[in-house]
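Here is the structure we will look at, set down as structure tokens.
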Amino acid sequence: MEQVIEYRSYQEYKQELDTELKKTAEGFVRIGYLLKVARDTSILAESQYDNVVDFARAEYGIDKTQVSRFIHINDKFSKGGYAPELKEEYQGFGYAKLSIMLSLPDSVNEELTPDFSKAEIKQIKDVVDEEKKTTDIEVMLERKDEVQQTLDNNLEKVVFQLGKDNPKIYKELWEAVKKESETGKYFIRHLIPNGKAVYTVRIPGTGSHMLAITEESEDVKLLNLRDASQNEKYNKEDVEKAFGKIFFNTGTWKESWEKEYGEILPAEKNAAVAPVQSKAAQRKESKVIVTKKPEPEKSVQNIPESVSKTQESVPESKETVSETAQKKEMTLNDVNPEIPAPDPKPVEEDVPEEKPDVQQDNDEQIPGQDEIENHPEYMPEKKTDQQIIGDAKRTIETIRVSLSGWGEYTIPKNILTAVLERVDYLKETLLELMKGEADESNV
């Protein structure tokens, strides 16, 4: 921590803070610094206030949330994390943008520049927040594209998905290659009409990625928005080759698109494709291009026809198909169709319950009920203590990542629910560990 500035009196300190609050531009980072001084030193001892929150509220009308935000901006973006000045790379953003960037990963913030608008940064934050809501199990259960899975690397998978989700981009690049025979930087310029661009793309079964391209650099960053340790770096030639793999030398771009993705181009996507714009018009386009996450109901597989018909026959119900499917009792056959499905349970008639004279065995198998013990070939192998320790460590890290970055913000209920599920899993893992004789020093 840098040496704290010494103030001769409370009045001198307060006068300086008064001056900073009247300034524009980046005075907010110094405000955060001065609030931290009030928090971390005895400067308020000369005042009537017990803490920085009471002081800021009474003197300036700054509530607890604003105090926290000023301080967190200084923590994250000032020089050394405790200084009156911003780091050079964050100068020029302003308070509103940096407030949004507080909850973004450092690797994402490093790709942003002051010319990104507040709305564009908010678009990126929305994608990051949406990905945080998706649990690891939900990602694993997403339906993967078989063709996409055969591609060589994540860049090619992202490009594949980008072309599928954005036919307009596919059309412009296909015409640049097939009609105008453009290559290299002339080809790439269609991706960065403003000199830089950020594409957010979601690979089913993997998660969201951010592709960052700039005119002045040959490097192309591919950021994994679920796990920053999986971030990758490519070059523009790699991008050109990746797009070349999804183009076919056919009559039209539409025919090429349909051949690549094995489906008819939806009318709404086809209608949304606009003519290639002039260079002047392209400069007005957003630097952030977001592909939408597929609707949840599209990822639900093998919904019985009876469930769908029941849903349609009750129009007043507000439940979605996904919610109805979740209520259906899951069996091993739903997970793996090769496992025989259990016999259907008999329909129970609405008759008064008769109490048996002799108490029934609670462990008696219910007709039609299926249990994993009936399929030993699918039973998981018993884990070693070292594997259990590894599971516990990964679960703890997942909980930490889920809760990090929220700062003073209220954590959404669905994230808290996911964290509680992971806590339960961690408890089960540690209880399993207690049954063995693992070295506790490794936990």
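The values are calculated or read from the model by the stated rules, or taken from the named source; none is laboratory data. Model, not experiment: these values are computed from the prediction. Cβ sites come from the backbone with ideal geometry, for glycine too, and all protein chains shown count toward neighbours. To get the accessible areas, we keep the full protein, side chains included, count just its heavy atoms, and leave off ligands, DNA and RNA. Shrake-Rupley method; radii C 1.70, N 1.55, O 1.52, S 1.80 Å.
Filter segment 154-183 down to residues that are open to solvent by 40 Å² or more (accessible area, probe 1.4 Å) and in a helix (DSSP H, G or I), then give me how many there are.
Of the residues in segment 154-183, 6 are open to solvent by 40 Å² or more (accessible area, probe 1.4 Å) and in a helix (DSSP H, G or I).
Listed by position, the helices (runs of 4 or more DSSP H) enclosed by segment 7-115 that each have at least 1 residues that are without any contact (Cβ under 8 Å) to a residue 60 or more places away in the chain and within 30 Å of residue 288 (Cβ to Cβ) are 27-40, 64-77, 95-101, 106-109. The sole residue among 162, 223 that is over 24 Å from residue 267 (Cα atoms) and touching a helix residue (DSSP H, G or I) at 6+ places or on another chain (Cβ under 7 Å) is 223.
Contact annotation: residue pairs with Cβ atoms under 7 Å, 6 or more positions apart or on different chains, pairing a residue in segment 249-267 that is within 14 Å of residue 171 (Cα to Cα) with a partner that is surrounded by 12 or more Cβ atoms within 10 Å (Cβ to Cβ) and among the β-branched types (Val, Ile, Thr), are 256/250; 259/250; 260/246.
The condition of being open to solvent by less than 50 Å² (accessible area, probe 1.4 Å), modelled with pLDDT under 90 and under 24 Å from residue 175 (Cβ atoms) holds for only one of 273, 201, that being 273.
I'd like to know if segment 241-252 contains one or more residues that are assigned to a helix (DSSP H, G or I) and over 25 Å from residue 144 (Cβ atoms). Checked segment 241-252: no residue is assigned to a helix (DSSP H, G or I) and over 25 Å from residue 144 (Cβ atoms).
For segment 193-228, filtering for residues that are in a strand (DSSP E or B) and of a type outside the set (Lys, Arg) leaves 19.
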